[in-house]
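Data first, discussion second: the structure below is written as structure tokens.
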Amino acid sequence: MSTGPAPDIGSDDDDGWLRDDERPCVIPITGELDLHAFAPRDVAGVVRDYIEACRAAGLAQVRLVHGRGRGVQRAQVRRLLASLPGVAMACDAPPQSGGWGATWVQLDGACANAATSRDEEKK
């Protein structure tokens with residue numbers, strides 16, 4: 001029975017065992033995140049990590065695009081945001097920025113966190 005070539009476990013491509021949908025991706029920290037690209041089961045973790053990264057980068061506002069639909073994703077995002085430290089407020093975006101298909105998040109302490117991070121990097 002031939003199973004094909006064995007993967008090179010010691011290579012730089014250690015994630016060769018992962019399916020494409022399991023591979024980690026790098027998300028630019030711009031203050032805007034479109035959640036349509038993520039599986040519903042991953043949204044909470046993605047939002048949690050993204051908000052944390054935005055706070056560390058010193059961003060004061062974040063726009064999360066979840067779509068209008070039936071509001072299930074919006075409700076999940078809002079519940080999560082209510083439980084996260086550093087989130088001062090979350091509300092529907094203005095109509096020109098997506099209305100109820102996007103959530104605007106106001107972060108508190110973002111500037112202080114960015115300054116602290118920069119000070120620690122200098123040490």
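The values are calculated or read from the model by the stated rules, or taken from the named source; none is laboratory data. Since the model is a prediction, treat every value here as computed from it, not as a measurement. Cβ coordinates were reconstructed from backbone atoms using ideal geometry, including for glycine residues, and neighbour counts include every protein chain displayed.
Points worth noting:
- From R19, R41, residue being loosely packed, with under 10 Cβ neighbours inside 10 Å and at pLDDT 90 or above: R41
- Some residue of the range 52-70 being β-branched (V, I, T), surrounded by 10 or more Cβ atoms within 10 Å (Cβ to Cβ) and modelled with pLDDT of 90 or more: yes
- Considering the conditions (1) part of a helix (DSSP H, G or I); (2) within 23 Å of G58 (Cβ to Cβ); (3) modelled with pLDDT of 95 or more; (4) not small (G, A, S), C111 is excluded by exactly one of them, (3).
- Qualifying positions in the range 41-84 - of a type in the set (S, T, N, Q) and part of a helix (DSSP H, G or I): Q73, Q76, S83
- Among the residues of the range 37-66, just one is basic (K, R) and free of Cβ contacts under 8 Å to residues at least 24 places away in the same chain, namely R41.
- Flag if L84 is aliphatic (A, V, I, L, M) and more than 12 Å from T103 (Cα to Cα): yes
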